[in-house]
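The values are calculated or read from the model by the stated rules, or taken from the named source; none is laboratory data. Predicted model, so just to flag it, every value in this text is computed and none were measured. Reconstructed Cβ throughout: ideal geometry from the backbone, glycine too, with neighbour counts over all protein chains shown. Areas reflect the complete protein model, heavy atoms only, side chains present, ligands, DNA and RNA absent. Shrake-Rupley method; radii C 1.70, N 1.55, O 1.52, S 1.80 Å.
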Amino acid sequence: MRLIRSEFTSVRRHQELVLDFSPGLTVIGGANESGKSSLVEALHRTLFVRAAASGTAAQDLRSQLHAGHPQIKLEFEASQQHWTLLKRFSGPSGTTQLAAKGQAALIGSAAEDQLAHLLGVDEILNSRQVNKTLPSRWAHLWVKQGESGRDLLSLGHEHYDLNSLIECLEQQAEQSLQSPLDQRVHTQLERLVSESLSSRGVRQQSELWKRQEALKAAKEHHASSLEQLQGFELSCEELDRVETKLRALEREQLPELRRQRQRLLQWQEALQQLKPLTLQQQQLEKSCASLRQLAADSTACERSLASLERELKDLETTCNAASNQIKAAQKRTAELEQKKQTLEEQGLLLRQRKDRDDLQRRLESLHLQDQERQRLTEQQQQLNAAFNKIDAGTAQDLQQLNKTQEELRAIAIRIESMASKVLVESADQTISIEGSDLKEGESCEQAGVFRIGVGEHVRLKISPGEGTGLASLENTQKTLQSALQAGLKRWNASSVEEAQQRNEQRNLLLQQQALLKAQLTQLAPPPGQNLPNLEELRLQLDALNQGLPANGLKPSSDDEKDLETCRIHYRELKDESNTHQQQMRQLEVQHNAEQKQWQQKRLQQERLKAEQEQRLKQHQTLEQEVGSQEQLAELIQTVINQQQALKAHIQDLQRPIPGQEICNPKAELETLDRLEHQLTEQRHELGSQRGALLERCDSLGQSDLHSAVAEALAKLDLAMQAEQQEALLVRARSHLLQRFQQARSDLSQRYSNPLKQNINQVLQPLLGNPKDGCSLGYDPQDGLQQLGLQREGTLFAFQQLSGGMKEQLNAALRIAIADTLKERHGGCLPLLFDDGFTNTDAQRLQGVLKMLQEAVSRGLQVIVLSCDPDPYKSVADNVIMID
């Protein structure tokens, strides 16, 4: 099978997309989230999921960006024909169309069945099978994203089509592993076993099935004969029981039922006469009880009224005493309030006098601070004037002057060390130096370059030290002298010492200024506060003096002590007042409670009087209606005598029914009516049963049932023997086939060698060493297993390999499997790798490219999807980029 072309419409993020597949290697590139894996999933579901599937099978392909249902068109080659498959996934209304070139198209289930035949699978999956079965379809051919590092063989043999793989390996190894006789024996055994058995059990219409059906029919016939014999015997027994019941019903139960009915009717009549007497007795006893209750209530009410009268008198005396106490407490409260007011006025005068004295002392302190501030300010001004008179530069300027003077001294010393001394020891001609004549025995010193004249025609030029460095020193000297003069000019001084003296004077003045500033800062108010205004404070003092009375208080030397004494007396008086007020409130609360209690007692007295009057009226009215208590007692006794007579009659009626307690004759009569009706119906039913049983016994008694049972038992023995013989033969054939298959399965372990050699050939570009290769095991039950890699004499299990080596070994395994299975699919199968080599480095990727080329050279179709398609372009037959 080979993919040719695919068209996608409204599939996830793709609105319209066409892919043309090369017969060899096709590379599909695109960035992340470009929809490459969506295309793989769409192709996979198009091949293996029914278009009418519902749920996630179709919803997962639906686009959230584009309208319409997902539709995929796929062209492929299979069975030497060109096929076109068109599927539209729209839930239960989905459509499928499959057409071979030049032939009529198949639609619906017919198309799905033909597609399953072309793909070599049992069926195309529906909604229920998608989650369980879809991941295993073509898992040995297509590597989806994220699955490249998983061990294919560990997923189970359904993920790599083990049965087809074993059949292909058997065909390849048939001549070397089994003889034609073995093949004929195996085929004959399979035919014989398959004629008798299927995957679901015994095959229908086989000889074993016929023998089992005959045994089943014999068992049913034998059971039917036994059932008829047992039915005849049971019918006879049932007929005897029915006749016995019918006789007992007609002779005993119905007559007894009628006698009980007569007694119950008499009893019901006596009960009806007893009921009015009982009601009359109850009414009379109720009236008598009411009269007794009214008399008792009247007596109790009179005692309650007398008790209330005494309590009211006591409460009235208590309320009067409490009222007098409250009046005395109110008078004492007024006296305490007067004393408190007097103390408050005295305390107010003392506080005013204390505030006046404090304000006066504050004014004196502020006046002294103001004088001190003025004196310090004048000194600060004098210091500022003296500081401004001093002409001086900065400390850096003075430091620079000292440095310049030191440099001048150093240069002078160097120049003096370079001076020349000229001595005239003897001369016969006139000698002059720089125009000055020197006589014999005279000398002079010259610095720098100078000229000597000897006579009239000789002139000498002398350069000390060969004339180097002196000129630059002189220039430097002049520059430093100019800088020194400029610096002294800024200090207005004639020497550096005078400038230093002025600097010391200025520093002394600065220290004195800082000291004055600190003293002024101490006298200044805190930050955020202004200096108090003395005039405003004086006005406040005058106002306080005017507010104080002339004779309000005696003069005292300690206002603070007098104020504290006043406060103590006030607090003591206040505490006494609060205690007295609390006692007065308690008296008022107690007085109010006593008054409330007196009112409640008074209301209770009035209510009891009203109830007593009403109760006397009720007693008189009731005596007028029913009579006195003595009269009511006589009537009650008469009614009781009548009731006892009726109850004795009822007991006489109950005696014929010993052990049966009857409470309601009416209900018992209804029960007897139903029972009589049931007995009547039962008699009719028993009569019908008797007739039917007589007819059945006559019908069954016409044949010899015991002989029929013996004949059926003989046939059952024969059928059982035949079935056992056939079952034994089938088990023998199955056992022989099982042993034959077991022997073949031992040989089939050698099938893994061709597959392993195929994998090693594909892996060779990556391994390099011919001795290295894969390891592969085979189990008759579990299939291929234990995939690993042999490197330099060491066996590495699949889980021990690196991520890149896992991808490469998995790819080689799939190429080998596809190469083995391709002949069953027209000589080609499509291999697909979706990001199948993400862990492979650039160096080993070249070996992967050779491995893919090897797969193409074997006739396989390879499709690679990658975010980085550039490494594959050199070997790709077709490159498709997705935006």
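Tabulated results
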read-out: Filtered residue count, the range 15-58, keeping only those that are surrounded by fewer than 20 Cβ atoms within 10 Å (Cβ to Cβ) and in a strand (DSSP E or B); value: 7
read-out: Where Arg263 falls short, out of the listed (1) open to solvent by 90 Å² or more (accessible area, probe 1.4 Å); (2) among the basic types (Lys, Arg); (3) in contact (Cβ under 8 Å) with a residue 24 or more places away in the chain; value: (1)
read-out: Subset of the range 386-401 (residues that are open to solvent by less than 50 Å² (accessible area, probe 1.4 Å) and in a helix (DSSP H, G or I)); value: Ala386, Asp397, Leu398, Leu401
read-out: Residue satisfying all of: in the range 842-865; of a type outside the set (A, V, I, L, M, F, W, C) and not in a helix (DSSP H, G or I); least open to solvent (accessible area, probe 1.4 Å) among these; value: Gln861
read-out: Selection status of Gln808, polar (S, T, N, Q), surrounded by fewer than 15 Cβ atoms within 10 Å (Cβ to Cβ) and part of a helix (DSSP H, G or I); value: no
read-out: The range 869-880: number of residues that are open to solvent by 40 Å² or more (accessible area, probe 1.4 Å) and closer than 25 Å to Trp138 by Cα; value: 3
read-out: Qualifying positions in the range 225-242 - of a type in the set (S, T, N, Q) and open to solvent by less than 60 Å² (accessible area, probe 1.4 Å); value: Ser225, Ser235
read-out: Restricting the range 298-330 to residues that are under 23 Å from Gln586 (Cα atoms) and among the β-branched types (Val, Ile, Thr), the residue that is surrounded by the fewest Cβ atoms within 10 Å (Cβ to Cβ); value: Thr317
read-out: Residue satisfying condition, being at positive phi, in the same structural domain as Leu766 (by the TED database), at pLDDT 90 or above and among the charged types (D, E, K, R), within set Asp835, Asp870; value: Asp835
read-out: Arg62 open to solvent by 20 Å² or more (accessible area, probe 1.4 Å), at pLDDT 95 or above and among the charged types (D, E, K, R); value: no
read-out: Single condition Cys828 does not satisfy, out of (1) within 44 Å of the chain's Cα centre (by Cα); (2) at pLDDT 90 or above; value: (1)
read-out: Options Gly826, Gly859; residue that is closer than 29 Å to Leu47 by Cα and in contact with a Gly (Cβ under 6 Å, 6 or more places away or on another chain); value: Gly859
read-out: For Lys87: the one exception among (1) of a type in the set (Lys, Arg); (2) more than 24 Å from His14 (Cβ to Cβ); (3) touching a residue at least 40 places away in the same chain (Cβ under 8 Å); value: (2)
read-out: One residue from Leu763, Leu784 being under 48 Å from the mean Cα position of the chain (by Cα), surrounded by 12 or more Cβ atoms within 10 Å (Cβ to Cβ), aliphatic (A, V, I, L, M) and in a strand (DSSP E or B); value: Leu784
read-out: Whichever residue in the range 188-224 is open to solvent by less than 90 Å² (accessible area, probe 1.4 Å), outside any helix (DSSP H, G or I) and out of contact with any Leu (no Cβ under 9 Å at 6 or more places or on another chain) and, among such residues, is farthest from Leu716 (Cα to Cα); value: Ser198
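Every residue, every condition in (1) among the hydroxyl-bearing types (Ser, Thr, Tyr); (2) outside the structural domain of Pro70 (by the TED database), yes or no:
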residue: Trp83; (1), (2): no, no
residue: Leu86; (1), (2): no, no
residue: Ser90; (1), (2): yes, no
residue: Lys101; (1), (2): no, no
residue: Ala111; (1), (2): no, no
residue: Leu119; (1), (2): no, no
residue: Glu147; (1), (2): no, yes
